[in-house]
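Derivation of every value follows stated rules applied to the coordinates shown; laboratory data play no part. Treat the numbers as computed from the prediction; the structure is a model and nothing was measured. No Cβ is skipped: glycine too gets one built from the backbone with ideal geometry, and neighbour counts run over all protein chains shown.
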Ligand SMILES: C[C@](O)(C(=O)O)[C@H](CC(=O)O)C(=O)O
């Protein structure tokens, strides 16, 4: 049995000339379960969503390595063969911390992660006023990740993200991505791609290095579908707000209804059993029975 099945599977898809990865953003166990049930064969753990759900905070560099690794480990192990691509922000420090991040993510079952060139007091890539470290410091982060991966013999995929586009422009972003590629990163990530033309240009300028498209709607990137991204030549697309977006809107609506009517008035389909089935109820019951347990002999459905 491989230690990190998700990473090995992801590398197989990336090595396939026709391979393309579509990863909806998930931020907790339930959103990951929903994405798996919907049939996605890769997941993306959003750092913004982790900050929002774990701490109730904005994406401002508040999550630590421990916060991110704990969330990623739980999500990655819901379906170990399904690659989880996880946000790793700045790597959480200098080369020593980036090494720890890489090792811990790899051992937690994460298949790929991205490290960026913002300063430690980072912010979401779609906010203005970002500050960056210099290219050499950035390359050092990437080198530390690549060396850690090699040292432990892990298949984990290192994705180099640059946040230079918004403040420094396209040419500087290319310089940084090339430096990251030369430092051994497996894939590149140009944050905040601002047009389809630029997206296609980046794919051409960096070919054959595979690129990921970060599809944050209503940020700095125009809406590009998974099919279009594939057509343009990207190898992977992530949709960070794919689950937290609908969840937030539905919670707001549901809470307004409760405030108004004094009852949540939930959809009839939403029983406790249904919620627990989304989260592996039947598999757990089977585990118990297979081990000779009798706790669920009578089932869990009310009659
Ligand atoms: C991809 C990202 O790092 C994330 O945390 O999901 C964010 C998404 C967002 O907050 O818009 C980013 O693009 O910085």
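Quick look at the numbers
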item: Rounded to 5, percent antiparallel among DSSP beta bridges of the chain; result: 5
item: Residues 124, 279, sorted so that the one with the fewest Cβ neighbours within 10 Å comes first; result: 279, 124
item: Among beta bridges that DSSP assigns inside the stretch 90-194, antiparallel share in %, nearest 5; result: 10
item: Sequence of 8, 243 once ranked by neighbouring C-beta atoms within 10 Å, starting from the fewest; result: 8, 243
item: The stretch 165-203 versus the stretch 99-156: alpha-carbon centroid distance in Å; result: 16
item: Shape of the stretch 5-247, Cα gyration tensor, a/c cut at 1.5; result: rounded
item: Mean Cβ count within 10 Å, highest first, over the residues of peptides 290-303, 10-23; result: 10-23, 290-303
item: The chain: angle of helix 244-261 to the longest principal axis, Cα-based, in degrees nearest 10; result: 40
item: Rounded to 10°, Cα long-axis angle of helix 196-206 versus longest principal axis of the chain; result: 60
item: Translational diffusion coefficient (Stokes-Einstein; Kirkwood radius from C-alpha pairs) of the stretch 175-303 at 4 °C, 1.567 mPa s, in µm²/s; result: 67
item: Computed FRET value (nearest 0.05) for residue 276 with residue 251, which takes r as the C-beta separation and R₀ as 22 Å; result: 0.65
item: The chain: angle of helix 135-152 to the longest principal axis, Cα-based, in degrees nearest 10; result: 50
item: Length added when fully stretched, residue 204-residue 96, from 0.36 nm per residue minus Cα-Cα; result: 35.5 nm
item: Which of 259, 122 has the fewest Cβ neighbours within 10 Å, and the rest in rising order; result: 259, 122
item: Inter-part distance where the stretch 243-303 and the stretch 1-79 are each reduced to a Cα centre, Å; result: 22
